[in-house]
Amino acid sequence: MKRLLFAFATISLLAACGQGKKDTKLPEGIKLVEKVEKAESGLSIPYEKYVLNNGLQVIIHEDHSDPIVHVDVTYHVGSAREEPFRSGFAHFFEHMMFQGSDNVADEEHFKTVSESGGTLNGTTNKDRTNYFETLPSNQLERALWLEADRMGFLLDAVTQEKFEVQRATVKNERGQSYDNRPYGLVGEKVNQAQYPQTHPYNFPTIGYLEDLDDA
């Protein structure tokens with residue numbers, strides 16, 4: 001339950017920021033650590049950065065040109081944390097993060113966001129994995145709850161059946177995006193030429209088929 005406080009603390013934070021009062025008191029356990037104001041000229045992206053008492057960092061940028069909200073949760077972990085013969089595991093886990101939790105049934109994460117008028121996806125690279133949703137602004141609480149829920153209640157919902165389905169999905173993705181696409185292996189070959197075999201940047205984020213089979 002503590003991890004679900006991330007969503008509710010962030011909602012309280014956004015509500016406080018949205019009041020537009022300089023003397024607004026922040027909710028307990030939230031600290032403002034950086035603030036960038038809009039510049040009078042030139043390109044600038046104003047934002048506020050907060051740190052929650054559980055260590056999570058929250059960056060808020062307000063743009064009221066459209067009645068939508070975008071939520072992006074970034075984890076500082078990617079394929080560079082993998083070991084030789086264990087390639088593709090970070091990206092594999094990204095897929096598993098969409099397969100339900102103790103509180104969200106199989107495939108319901110996608111359905112909940114789409115039925116709320118939103119879109120979503122996730123990406124993995126060498127040094128980070130991120131998950132994101134874009135929804136109508138009145139659905140912010142729903143998006144934050146979904147992210148907090150899978151952050152805290154994913155593992156007990158993982159089954160061998162789900163695992164095998166996503167293993168096949170990732171292998172098909174490798175075939176479609178890399179092995180069976182003209183020049184699809186260029187990036188993989190460049191990394192192999194740039195980095196030693198034991199370096200975590202040597203192997204592809206998507207993983208090798210033999211490593212995925214051994215997962």
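Condition test on E147, is it surrounded by fewer than 18 Cβ atoms within 10 Å (Cβ to Cβ) and in a helix (DSSP H, G or I)? If you could, list the steps in order and put the result at the bottom.
Values: surrounded by fewer than 18 Cβ atoms within 10 Å (Cβ to Cβ): no; in a helix (DSSP H, G or I): yes.
Judged against the criteria, E147 is not a match.
Test G184 against the stated conditions and say whether it is assigned to a helix (DSSP H, G or I), assigned by TED's automatic domain parsing to the domain that holds A90 and surrounded by fewer than 17 Cβ atoms within 10 Å (Cβ to Cβ). Give the steps one after another, and end with the answer.
Numbers: assigned to a helix (DSSP H, G or I): no; assigned by TED's automatic domain parsing to the domain that holds A90: yes; surrounded by fewer than 17 Cβ atoms within 10 Å (Cβ to Cβ): yes.
Considered against the rule, which asks whether it is assigned to a helix (DSSP H, G or I), assigned by TED's automatic domain parsing to the domain that holds A90 and surrounded by fewer than 17 Cβ atoms within 10 Å (Cβ to Cβ), G184 comes out as no.
One line per residue, one yes/no per condition, for (1) of a type in the set (K, R); (2) in contact (Cβ under 8 Å) with a residue 24 or more places away in the chain; (3) closer than 24 Å to Y201 by Cβ:
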position	(1), (2), (3)
K35	yes, no, no
L52	no, yes, no
D63	no, no, no
H76	no, yes, yes
S79	no, yes, yes
F92	no, yes, yes
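Determine whether segment 199-211 contains at least one residue that is over 21 Å from G122 (Cα atoms), in the same structural domain as R86 (by TED's automatic domain parsing), touching a Pro at 6+ places or on another chain (Cβ under 7 Å) and exposed (fewer than 14 other Cβ atoms within 10 Å of the Cβ).
Scanning segment 199-211 turns up no residue that is over 21 Å from G122 (Cα atoms), in the same structural domain as R86 (by TED's automatic domain parsing), touching a Pro at 6+ places or on another chain (Cβ under 7 Å) and exposed (fewer than 14 other Cβ atoms within 10 Å of the Cβ).
Are any of the residues in segment 76-98 under 28 Å from S137 (Cβ atoms) and hydrophobic (A, V, I, L, M, F, W, C)?
yes
Name the residue that is nearest to A157 (Cα to Cα), counting only residues in segment 106-132 that are of a type in the set (G, A, S) and touching a helix residue (DSSP H, G or I) at 6+ places or on another chain (Cβ under 9 Å). Break it down into steps so the answer makes sense when it comes.
Within segment 106-132, the subset of a type in the set (G, A, S) is 114, 116-118, 122.
Next, only the ones that are touching a helix residue (DSSP H, G or I) at 6+ places or on another chain (Cβ under 9 Å) stay: 116-118, 122.
On the way: S116: 24, G117: 26, G118: 24, G122: 19 Å.
Among them, the one singled out is G122.
Tally the residues that are closer than 17 Å to F98 by Cα and either more than 16 Å from the chain's Cα centre (by Cα) or charged (D, E, K, R) (or both), restricting the search to segment 131-154.
5
In segment 29-125, which strands (runs of 3 or more DSSP E) lie fully inside it and hold 3 or more residues that are surrounded by 12 or more Cβ atoms within 10 Å (Cβ to Cβ) and of a type in the set (S, T, Y)? Full working, then the answer.
Values: elements: 30-36, 47-52, 57-60, 68-75, 119-124.
Once the strands (runs of 3 or more DSSP E) in segment 29-125 are filtered for at least 3 residues that are surrounded by 12 or more Cβ atoms within 10 Å (Cβ to Cβ) and of a type in the set (S, T, Y), what remains is 119-124.
The values are calculated or read from the model by the stated rules, or taken from the named source; none is laboratory data. Because the structure is predicted, anything quoted here is derived from the model rather than measured. Because the Cβ atoms are built from the backbone with ideal geometry, glycine has one as well, and the counts that use them run over all protein chains shown.
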